[in-house]
1. In segment 345-358, what residues are within 29 Å of Leu270 (Cβ to Cβ) and touching a residue at least 60 places away in the same chain (Cβ under 8 Å)?
2. Which one of these does Phe271 not meet: (1) surrounded by fewer than 22 Cβ atoms within 10 Å (Cβ to Cβ); (2) in contact with a helix residue (DSSP H, G or I) (Cβ under 8 Å, 6 or more places away or on another chain)?
3. Please specify each residue of segment 84-96 satisfying the condition of being touching a residue at least 24 places away in the same chain (Cβ under 8 Å) and not in a loop (DSSP other than H, G, I, E, B).
4. I need a count of the residues in segment 97-131 that are within 17 Å of His318 (Cβ to Cβ) and assigned to a loop (DSSP other than H, G, I, E, B).
5. Pick from segment 75-103 the residues that are surrounded by fewer than 19 Cβ atoms within 10 Å (Cβ to Cβ) and of a type in the set (S, T, N, Q): which of them is farthest from the chain's Cα centre (by Cα)?
6. Taking into account only those residues within segment 50-73 that are part of a loop (DSSP other than H, G, I, E, B) and out of contact with any strand residue (DSSP E or B) (no Cβ under 7 Å at 6 or more places or on another chain), which is farthest from Arg30 (Cα to Cα)?
7. Being at pLDDT below 95 and among the aliphatic types (A, V, I, L, M) narrows it down to one of Val202, Val220, Val255, so name that one.
8. Out of everything in segment 179-221 that is within 30 Å of Glu161 (Cβ to Cβ), part of a helix (DSSP H, G or I) and charged (D, E, K, R), what residue ends up being nearest to the chain's Cα centre (by Cα)?
Amino acid sequence: MKKFFRIILTIIIIFLTNYSFAFSQNEKIRIGLLAPLSGEYKELGQSIIKSTRMALNDIGTDNIEIYPMDTGIDPNQTLQSAIRLKNKGIRIFLGPIFFKSLLYLNQIDDVIFLSFTNKTSNLPKNVISSGVNSLSQLNAIKKFLEISEVEKTIFLTPDLEYKSEIKKAIKQSKIKISKQYTYDTEPTKLTKQIEKITNYEVRKQNLADEIFRVENSDLVDKEEQIKKLEKKYTIGNVNFDSVIISDFDENLKSVITSLIYTDVSPKSKLFITLNQWFNESLFLEESIQPLYYPSINKQNLESFNKKFIDTYNSEPNHLSLLSYDLLGLIYYLSLKSDFSDINNIFKKENSFKGKIGIFDVKNNKINHRLNFYKIEGGEIKEIF
């Protein structure tokens, strides 16, 4: 008789377990979307909502519900919006977008925020940075340096707020750097610093000394040698094979221009920078090419942009692609994990292939496996 009851109990447990699993699989996934829907960045927020809607259509499931809420750019408003959504039973969020909006989110327990920021330091315990962070970029640069068999690399970082992020990523990636320099973004100071880094005055004096030596020599082809020397700017090599410049836009161009001024050319040394999101202005500056950098998958980005424009008749912000992929990531993890255990969903090791590329998830961290590109002759070429 006891054996019979044990069998019945086992059957009931199996039934309840399967029923519970089936219920959780059919339960709605409710996701809060925290974005600026008013104010200065309202268009960015609308772009993210549109891309999320596009992702929903492409996933093709009725099991996901999105609840947008305005954050503006105010951390207090962000907190209040998140609390309202949590009170509706929502425990997983896309957003907020801006790092400063994260300020008070550690006051909310038992929720997870997939923020769009690419900063990884000083995050609240319930926030996961999902942007293309410095570590993801340096991992790709490290791979490129190894492929290129570069011996000596220097690293130039502007004296700006994000320099601590760069320093942290250099350590984590274990990228081989011979020397690190921090520079001032003020043009006059920058040029002086680059002159010092490249030993410009010594190399310039070497040229003057060589011209003087030839002029006072008895060489038969003295005049011809002098003409050749006068076409040079310096004599002597710099003590590096490649330079990584962690800067953007006009500041990046200023650093490269200063290097060229000191007779260090991208034609003779590898000039590498961080993710530039395919900034078209760089294509026009042939004097600073070839220029190498990691980025998301260009072909996928162009495909996404075309579909977005065809659907909404407007240009997407590059963060729209991130929101599209993050929704896909959440849905993918929902098929593999128990969403009632919200604090452990992003702790397990998982990889997800999105439009940006591959997301690697582990220990509440998201890193990206990036592609690598070269701009040369006004065109872009994929390295890997």
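The values are calculated or read from the model by the stated rules, or taken from the named source; none is laboratory data. These numbers come from a predicted model, not from an experiment. We place every Cβ from the backbone using ideal geometry, glycine too, and count neighbours over all the protein chains shown.
1. Result: Ile356, Gly357.
2. (1)
3. Leu85, Lys86, Ile92, Phe93, Leu94
4. Of the residues in segment 97-131, 8 are within 17 Å of His318 (Cβ to Cβ) and assigned to a loop (DSSP other than H, G, I, E, B).
5. Asn87
6. Taking the candidates together, the pick is Ile73.
7. Val220
8. Within segment 179-221, the match that is nearest to the chain's Cα centre (by Cα) is Lys189.
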